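Asks: Quick one: the structure is below, and I'll ask about it shortly.
The values are calculated or read from the model by the stated rules, or taken from the named source; none is laboratory data. Please read all numbers here as calculations on a predicted model, not as lab measurements. Here the Cβ positions follow ideal geometry from the backbone for every residue, glycine too, while neighbour counts run over all protein chains shown. Accessible surface is based on the protein model in full, side chains and every heavy atom, while ligands, DNA and RNA are left aside. Shrake-Rupley method; radii C 1.70, N 1.55, O 1.52, S 1.80 Å.
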Amino acid sequence: MDAPGVPIWLLDMDGVINGIRPGWVRAPRTTSLEANGVEYRIRYAPELIRRIRGLHQTRQVDLRWATTWACHTRRLNNLYDLQGVPPAFALPRGDNTSRERVGELKVRAALAVVRAGHRLIWTDDEAIPAQGPVREELEGCGALLLAPDDSRCLRPEDMDAIEKYACARRPV
């Protein structure tokens, strides 16, 4: 998409959408997702997905999966009805890449977004640096960085901040 002024949103899955207690007003939805022959339990707040889907479908954000599930984005898109959301980086299919390696790929993807002059929303419970030069560069470029509690995932106030950021226009 890469429309001028539209922020690119790097969206993690585990700890951001999928968590132990992700419920909002209603109880979370529980399902499962198969990857590499293993069934994983998935719990998410339907209202969270509805709000993410709304921003994606109205093209207020350019949504990209930045997750250890990068090889399985078709399954994620089907599960959450988020058609057409690409991965932010490539992993070989069936790759059991370490969390640390995927974390490096997430950081590279975030830096590539801001270095290309795009606004960035990055939601990740683990990979966003708490401090240091990468964090400083991202913040210096005006990135919105949200690291939710991994058991609670994104909360309504996080989505309020994302929606506000997405609607704001970058000064020329």
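Asks: Of the residues Gln60, Gln131, only one is among the polar types (S, T, N, Q) and closer than 23 Å to Ala166 by Cβ; which?
Replies: Within the list Gln60, Gln131, the selection yields Gln60.
Asks: Checking Glu137 against (1) over 18 Å from Val61 (Cα atoms); (2) in contact (Cβ under 8 Å) with a residue 40 or more places away in the chain, only one condition comes out false. Which one?
Replies: (2)
Asks: Tell me the residue from Arg43, Arg64, Arg59 that is of a type in the set (D, E, K, R), touching a strand residue (DSSP E or B) at 6+ places or on another chain (Cβ under 6 Å) and touching a residue at least 40 places away in the same chain (Cβ under 8 Å), please.
Replies: From the options Arg43, Arg64, Arg59, the qualifying one is Arg64.
Asks: List the number of the failed condition for Thr30; all other conditions in (1) in a helix (DSSP H, G or I); (2) out of contact with any Phe, Trp or Tyr (no Cβ under 6 Å at 6 or more places or on another chain); (3) open to solvent by 50 Å² or more (accessible area, probe 1.4 Å) hold.
Replies: (1)
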